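S.K.: Have a look at the structure that comes next, please.
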């Protein structure tokens, strides 16, 4: 097993995971949208990021989640890793219930439709995801579950 970089160890330890889950997850969607994708609470993003705003499946209210993404074939891929938790993140179920979302990326905001990748499609991009988001190697070991990947397909305005 390859040794994780210092950055990966710093961002996946229990204290950092708690801070990201309980503080950054609330601040980053607002800050990222307000700065048109230029800032998160930790400063300029170190990797491609998006904020996705979707309808809550039970409440019907707008919910936003800030995620690392992988640009692939002109589309963004996002991973429902929940930082390696045993349960799937709630936003995954929101996307499955209503896939129409608003995406804020760096310098742009657009409407998209979220589509879950098939097992074969996920296998084809998984190595690229782990390369772009190296924390995924840790999350994959922690989760012990099938981590879902979604493609965000732009919808014409």
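S.K.: Return the FRET efficiency for the residue pair residue 145, residue 8: r is the Cβ-Cβ distance, R0 is 25 Å, and the value is rounded to the nearest 0.05.
M.R.: My answer for the efficiency is 0.80.
S.K.: Another question, then. Can you compute the helix-only [θ] at 222 nm over the chain? Use -39500 (n - 2.57) per DSSP H run of at least 4 residues, normalise by all residues, nearest 500 deg cm²/dmol.
M.R.: Details: 6 runs with 54 residues, N = 157.
Mean residue ellipticity, 222 nm, calculated: -9500 deg cm²/dmol.
S.K.: Could you grab the relative contact order for the chain? Cα pairs under 8 Å, six or more apart, rounded to a whole percent. Let's see the in-between values first.
M.R.: Numbers: 248 pairs, mean separation 38.1, N = 157.
Reported relative contact order: 24 percent.
S.K.: Here's something else I'd like to know. Please state the equivalent ellipsoid semi-axes for the stretch 6-154: what are the square roots of 5 times the Cα gyration tensor eigenvalues, largest first, in whole Å? Working shown, then result.
M.R.: Details: eigenvalues 81, 73, 51 Å².
Semi-axes from the Cα gyration tensor: 20, 19, 16 Å.
S.K.: For residue 53 and residue 26 in one chain, what is 0.36 nm times their gap in residues minus the Cα-Cα distance, to one decimal in nm? Walk me through the intermediate numbers first.
M.R.: Details: separation 27, 0.36 × 27 = 9.72 nm, distance 1.27 nm.
Length gained, residue 53 through residue 26: 8.4 nm.
Quick note: the coordinates plus some simple rules give every number you see, no bench work behind them. The model shown is predicted, which means the values in this text are computed figures rather than measured ones. FYI the Cβ positions are ideal-geometry reconstructions off the backbone, even for glycines, and counts take in every protein chain you see.
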